[in-house]
Amino acid sequence: MAILHIIKAPDPILKKRCAPVDRVDEDIRRVMDDMLETMYAAPGVGLAAPQIGIHKRIIVVDTSNPKGDRQPLRMANPEIVAASEDIVLREEGCLSFPDQYEEVERPATVRVRYLDHENEIREFDAEGLQAVCVQHEIDHLDGVLLVDHLSTLKRSIILRRMKKFKKAAVSA
Ligand code: GNR
Ligand code: NI
């Protein structure tokens, strides 16, 4: 397994739509495992393939307590097949926007269908942080970022901050 570089905004790589996975084979499994290792090291509770520069519909999520047994979810072609009418406002972060936290509205619970690491179709109901996280990761696969849920003004403030942050990182 390997810890990979996480691409930071703004970057056109993060705005591309990702292609479906044909079949979860050994290569895709390796990507899933590298993504998990990268996510745990960050640390984060989710990661989408475009954040490591891979334009395939692959996400990993683990919202379990880091002090207990880890419960990694490896998903290819994840889809929301049902969402609650109940909408909740929650603060979100993103590893591609270091230190930025913003409130986003989303359905409180969602039913998710995906291919697991053995290429089996699975479905489960997510709630709480796990529901937020799965929706945030699926957004990434469609090039939709945290800031795309905000007002134009807030989005431009955060993107300006990210550009400055990148410049500072280059000259440091
Ligand atoms: O680590 C993460 N935490 C988080 C917190 C609230 C809502 C969404 C997230 S996802 C984020 C990791 C990330 O950027 N995934 O794409
Ligand atoms: Ni993110």
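The values are calculated or read from the model by the stated rules, or taken from the named source; none is laboratory data. This one's a predicted model, so the numbers in the text were calculated from it and none came from an experiment. Glycine gets a Cβ as well: all are built from the backbone with ideal geometry, and neighbour counts include every protein chain shown. With ligands, DNA and RNA removed, areas are computed over all heavy atoms of the protein, side chains included. Shrake-Rupley method; radii C 1.70, N 1.55, O 1.52, S 1.80 Å.
A few comments on the model shown:
- Taking (1) over 22 Å from His149 (Cα atoms); (2) open to solvent by less than 90 Å² (accessible area, probe 1.4 Å) in turn, Asp22 satisfies each apart from (2).
- Figure legend. Inter-residue proximity from region 24-50: first residues closer than 17 Å to Gln71 by Cβ and near ligand 1 (Cβ under 10 Å from one of its atoms), second residues modelled with pLDDT under 95 and open to solvent by 50 Å² or more (accessible area, probe 1.4 Å), beta-carbon distance below 8 Å, spacing 6+ or different chains. Indicated pairs: Pro43/Pro66.
- Flag if Leu153 is part of a helix (DSSP H, G or I), modelled with pLDDT of 95 or more, more than 16 Å from ligand 2 (Cβ to nearest atom) and of a type outside the set (D, E, K, R): yes
- Flag for Lys8 being assigned to a loop (DSSP other than H, G, I, E, B) and either touching a Phe, Trp or Tyr at 6+ places or on another chain (Cβ under 9 Å) or within 12 Å of ligand 2 (Cβ to nearest atom) (or both): yes
- Boolean, Phe124 is surrounded by 14 or more Cβ atoms within 10 Å (Cβ to Cβ) and either acidic (Asp, Glu) or at negative phi (or both): no
- Any pair with Cβ under 6 angstrom, 6 or more apart, that starts in region 114-137 at a residue that is closer than 25 Å to Glu91 by Cβ and small (Gly, Ala, Ser) and ends at one that is more than 9 Å from ligand 1 (Cβ to nearest atom) and assigned to a helix (DSSP H, G or I): Ala126/Val134
- Breaking point among (1) within 16 Å of ligand 2 (Cβ to nearest atom); (2) crowded, with 16+ Cβ neighbours inside 10 Å, for Asp99: (2)
- Ala76 vs. criteria within 14 Å of ligand 1 (Cβ to nearest atom), modelled with pLDDT of 95 or more and either under 25 Å from Leu14 (Cα atoms) or of a type in the set (Val, Ile, Thr) (or both): no
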